[in-house]
Amino acid sequence: MIRNRNGDTHVFDDDYVNFSILFENIHLPPQLTQSKQENLNMANYIRFEGLLDQAVEFCHVRYNFFSAKLKNPSLINSDFEMFSALKDSWFLERNTWKLLSLLLSSRLVQLPQPKQEQIYASDRLLVESLLRNDREILDLMMVKLWLEQTAPDREPEQILKAYRSATVTALTTGKKSAFMVENLDPDVCGRERKRLALSDESQEVALNREVFELLRRGKMEEAQDLCVQSHHPWKAASLRGSEFSLDSQENDVESSIALEYGNPNRDIWRAVCFRLAKDVCQNSLFVKDQNECYQENCDQYERATYSFLSGDVKNALTVCETWEDYVWINFSAILEREINNRLSMVAVREDANEELELEMPATDHTILTVFESLVLSSVKELRESALSPFHHIQARIILSQSDAIFEGLRKQIENENKAEKFEKITNYPQILRFVAHLGLALRIGGFPVMQDNLDFAISAYIELLIASQKGKLVALYTAHLPVMKQIEKYSSFLSRINDHFKIRYEYLQLARSQSLDVHSIANRTVDKIFSNGVFMEPLPEQISSVHIFGLKDPVSELDRIQIRAIEWVTWEKIQYVDALSKVNTLMRRFLVQGRVQSALELRDALPEDLIDDDWKQASLSEEDIARRDPRMREIVMVVREYATYTSLISCLIAHGEWVEIQEKGRKIQNKSTKEHRDWINSVKESTDKTETMFRELIESGWRIDAKKTLKQRLLTARPPRDDEMEDNFAAETGERQ
């Protein structure tokens, strides 16, 4: 569980770890150029589509898991609310990955060059050509297909496989009311202005709803079969009117027999459907009193069915309950309009119905205005649904505005747009996870994504992982950042870890497994720790202001953190030179602040083999250091500096022992005892030893070197800033090349 800045608690469980496995073996290339995108091969397409399908399946499994949890009758209210929210969120995420799978996978496919269609080709062949060659039509179809495939499951209506059985019984037995019809044909209610038996009316309503729900899920054939099975074949025939016409002989279609298929008078059929959708219904009546029957508007689901078939929106809205329903009916109408517009431009043929004035639906919505109208809807539930994160993301994907998703996330995290309408995405860890992986998926598919936007989303997700104690995933996602940002982000993460060396080592190994520059990261980690420690302390202006601690005084926790920071650069011998340079920096700062006990603990914490024998020999050589190669010159300098500090510490230890011996002498009461004589000898030995050590240190030339360089080093030694890191890295890269 994690808690956001508003105090809301969110579940951050192993689902996040398991989801990352889908992206574990993916290493993104640099941003693809336009030419490379145009030449995207089938292997990339399969890889992209396979990744999205796995994401869909993962979310579907989690959705089913929480759906099953909700069926437990012993759930307490708080658990029910939590599981219900999780079920809904996994449902929405599954649908979003499904949208990406359908829509973006189709956009990866290079469409063939459009060819000149035969002006007398049948409508069906022309529509099939549009779906192959017209990107706008194909996108509309993919979105409609997505909305149909992802419609929630529902319990089907119980439809009797009989035709108006209750009315038949009443008519044959003579037990009918004065307001009941006297015949059984489909139009009898409108013609006689009377009613069916109540149970038959309920069956008609149930059938109308079931037909619409099947169409909502893209199951046209099942809807037709249901009408036939329930003895309403004319309803099935009206549904079949939507099929575009095909003449096998006229269009040279391969067929062993002459075949005519579909509706050659589809325009007239659409006009009739539109009239049925908006007109009063002839077979739906209600009784006002014992003497009158009033005609009522057609059953809302029947009207919605004919509205959908004709390409109308308005008359279907009464049965639309969700954001998805509204988008579906609008996209269906736009698709119908665009197909008919294109057919009117291609098909030039004699039409017996040309002079008929047909009233058609007026659909002026565009894809953009559909989503804008939902955001501005007067219906609160619909407006809130349109503003929810996943629906906002889905709209942006459909509109090919993926960068707006990342930019919106960035603005909200940076809190730059407090007047933003959309819900705070940062309140939802799932959204942050999704957006980060969306960026990775788009890059895998070759879709352009602004580098800064993707980097920000990944970095924000990394921070979420760190806050949620999922540190073992950090290297995986850091690997998707540019090299300099990898170093900065992972070193920032490591600088917060104060665990045992084995755990630190494991994090470095994880970085190496993701091909991160572990040496640069380790060095930068130490710099960051120093920046928050010794380099935060001002240098003493006068020697008299420095308090000299004793060697046995306790080491502060902050100093111990600085000392342990050296572990990051001592796990491989190849970094020992860097490590020694960092040790000198820290040792210098401890000593100038008078914390000799910290300097001693630092020395004792270092690996025994930190200084190679060859380095020792080189540092003791009298050869002019200026004649050495740059690398060896650097080594000699850091070794000599380190040797000086350790010699000083040894002198201080010897002095401390001399002080202890002096203290023991004061406790000896009898000056003529052997104990006193032994003490005098110890004092002499300790004095000679300490004096010799200090003399050697002073005569070694350290004091002269220190006079020239120590003040400058103390004033300038600090970890590089981020901008200096970039300059240094660029320079080093250029030298290597």
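The values are calculated or read from the model by the stated rules, or taken from the named source; none is laboratory data. It should be emphasised that the depicted structure is a prediction, and the values quoted were computed from it without experimental measurement. Heads up, the Cβs are rebuilt from the backbone with ideal geometry, glycines too, and the neighbour counts pull from every protein chain shown. Quick note on the areas: whole protein, heavy atoms, side chains included, nothing else; ligands and nucleic acids left out. Shrake-Rupley method; radii C 1.70, N 1.55, O 1.52, S 1.80 Å.
Please determine whether any residue of the range 457-468 is crowded, with 20+ Cβ neighbours inside 10 Å, at pLDDT below 95 and not in a helix (DSSP H, G or I). Scanning the range 457-468, I find no residue that is crowded, with 20+ Cβ neighbours inside 10 Å, at pLDDT below 95 and not in a helix (DSSP H, G or I), so the answer is no. Scanning the range 661-688 for residues that are of a type in the set (Lys, Arg) and outside any helix (DSSP H, G or I) yields Lys667, Lys671. All told, Ala475 meets the bar of being buried (at least 20 other Cβ atoms within 10 Å of the Cβ) and either farther than 18 Å from Glu407 by Cβ or in contact with a strand residue (DSSP E or B) (Cβ under 8 Å, 6 or more places away or on another chain) (or both). Quick check, is Glu250 surrounded by 14 or more Cβ atoms within 10 Å (Cβ to Cβ), assigned to a loop (DSSP other than H, G, I, E, B) and at pLDDT below 90? So Glu250 passes the test.
Taking each residue of the range 581-608 that is within 21 Å of Glu634 (Cα to Cα) and looking for partners that are part of a loop (DSSP other than H, G, I, E, B) and hydrophobic (A, V, I, L, M, F, W, C) with beta-carbon atoms closer than 8 Å, six or more apart or interchain, yields Val583/Leu606; Val583/Leu610; Thr585/Ala717; Arg588/Ala717; Arg589/Ala717. When Val348 is tested against (1) at pLDDT below 95; (2) among the aliphatic types (A, V, I, L, M); (3) assigned to a helix (DSSP H, G or I), exactly one condition is not met: (3).
A Cβ distance below 9 Å, combined with a sequence gap of six or more or placement on separate chains, defines the contacts here; from the range 120-142, residues that are without any contact (Cβ under 8 Å) to a residue 24 or more places away in the chain and part of a helix (DSSP H, G or I) reach residues that are of a type outside the set (A, V, I, L, M, F, W, C) and open to solvent by less than 50 Å² (accessible area, probe 1.4 Å) in the pairs Ser129/Glu117. The single condition among (1) out of contact with any helix residue (DSSP H, G or I) (no Cβ under 6 Å at 6 or more places or on another chain); (2) open to solvent by 20 Å² or more (accessible area, probe 1.4 Å) that Gln430 does not meet is (1).
Consider the range 210-234. How many of its residues are open to solvent by less than 70 Å² (accessible area, probe 1.4 Å), assigned to a helix (DSSP H, G or I) and of a type in the set (D, E, K, R)? Total meeting the criteria: 3.
Residues in the range 89-115 that are farther than 14 Å from Glu324 by Cα, modelled with pLDDT of 80 or more and among the hydrophobic types (A, V, I, L, M, F, W, C): Trp90, Trp97, Leu100, Leu102, Leu103, Leu104.
Applying the criterion of being in contact (Cβ under 8 Å) with a residue 12 or more places away in the chain and in a loop (DSSP other than H, G, I, E, B) to the residues of the range 160-175, the residue that is surrounded by the most Cβ atoms within 10 Å (Cβ to Cβ) is Arg164. The numbered conditions (1) under 18 Å from Asn95 (Cα atoms); (2) modelled with pLDDT of 85 or more are all true for Phe406 except (1).
Conditions tested, residue by residue: (1) without any contact (Cβ under 8 Å) to a residue 40 or more places away in the chain; (2) open to solvent by less than 50 Å² (accessible area, probe 1.4 Å); (3) closer than 27 Å to Ile413 by Cβ; (4) among the basic types (Lys, Arg).
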| residue | (1), (2), (3), (4) |
| --- | --- |
| Glu488 | no, yes, yes, no |
| His500 | yes, no, no, no |
| Ile503 | yes, no, no, no |
| Ile529 | yes, yes, yes, no |
| Asn532 | yes, no, yes, no |
| Gln542 | yes, no, no, no |
| His547 | no, no, no, no |
| Asp553 | no, no, no, no |
| Arg560 | no, no, no, yes |
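Looking at Arg191, Arg164, which is the one that is of a type in the set (Lys, Arg) and over 26 Å from Asp225 (Cβ atoms)? Lay out the reasoning, then the answer.
Working: Arg164 fails: over 26 Å from Asp225 (Cβ atoms).
After ruling out the rest, the residue left standing is Arg191.
Every listed requirement among (1) within 30 Å of Ala511 (Cα to Cα); (2) out of contact with any Asp or Glu (no Cβ under 8 Å at 6 or more places or on another chain); (3) open to solvent by less than 40 Å² (accessible area, probe 1.4 Å); (4) at pLDDT 90 or above is met by Cys59 save one, (2).
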